[in-house]
1. Do we have Gln97 as assigned to a strand (DSSP E or B), over 21 Å from Gln122 (Cα atoms) and either touching a residue at least 24 places away in the same chain (Cβ under 8 Å) or aliphatic (A, V, I, L, M) (or both) here?
2. Mind checking which residues of the range 120-146 are in a helix (DSSP H, G or I) and of a type in the set (S, T, N, Q)?
3. Residues being assigned to a loop (DSSP other than H, G, I, E, B) and either surrounded by 22 or more Cβ atoms within 10 Å (Cβ to Cβ) or not small (Gly, Ala, Ser) (or both): count how many of those fall in the range 63-85.
4. Just checking, does the range 40-62 include any residue being more than 15 Å from the chain's Cα centre (by Cα), surrounded by fewer than 18 Cβ atoms within 10 Å (Cβ to Cβ), under 25 Å from Gly128 (Cα atoms) and modelled with pLDDT of 95 or more?
5. For the range 39-59, indicate whether the set of residues that are of a type outside the set (Ser, Thr, Tyr), in contact with a helix residue (DSSP H, G or I) (Cβ under 9 Å, 6 or more places away or on another chain), closer than 19 Å to Arg89 by Cα and touching a residue at least 60 places away in the same chain (Cβ under 8 Å) is non-empty.
6. How many of the residues in the range 14-47 are part of a loop (DSSP other than H, G, I, E, B) and closer than 19 Å to Val151 by Cα?
Amino acid sequence: MRAPTPENRARALGLDIADDVTPAAHYALATFHGGLLYLSGQLPRVGDEVAVTGRVGEDVPLGEAQRAARLCTLRALGALRRVLGSLDRVERVLKLQVFVQCAPDFQRHSEVADAASELLVQVFGAVGLAARTAVGVYQLPKGASVELDLVVACAAPATNLKEQHRAAQH
């Protein structure tokens, strides 16, 4: 029996991975260099709407912030799939950065980030466990409660990132 692949795991988990991930402004969805793919920040969007907004520890409870982190991760998975053609092309998740818009006294950033880390491990197995940074910030784009980005090791992307960037400019 063959080992389960990330795509098979995602299917088995019934994940609703976004297939409409595109840059929201003048930047690339991802850049690739030397076997590393740097993914731009992802917000907790559902369709065109940011699903979780506000300050964690003030008007957003921890559980809702964790849901936002999972939504961001689903968007990141969609971006990876769009750029690489398949999640199976990810060799290793190297770095996860999670930004939490939070109240000044909020100190549970790592618990918010855990939701993203756990989902990455569910999809990628042991190679999904990444080095991680979780930080509190005053503001995020569109009022989002959480934003995250990834760095992954992979084979060359299936899409032409230069063409994708050029298309995003128009």
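1. no
2. Gln122
3. Qualifying residue count for the region: 0.
4. yes
5. Yes: one or more hits.
6. Matching residues across the range 14-47 total 12.
The values are calculated or read from the model by the stated rules, or taken from the named source; none is laboratory data. Nothing here was measured: the structure is a model prediction, and the numbers come from that model. Don't worry about glycine lacking a Cβ; one is built from the backbone with ideal geometry, like all the others, and counts go over all protein chains shown.
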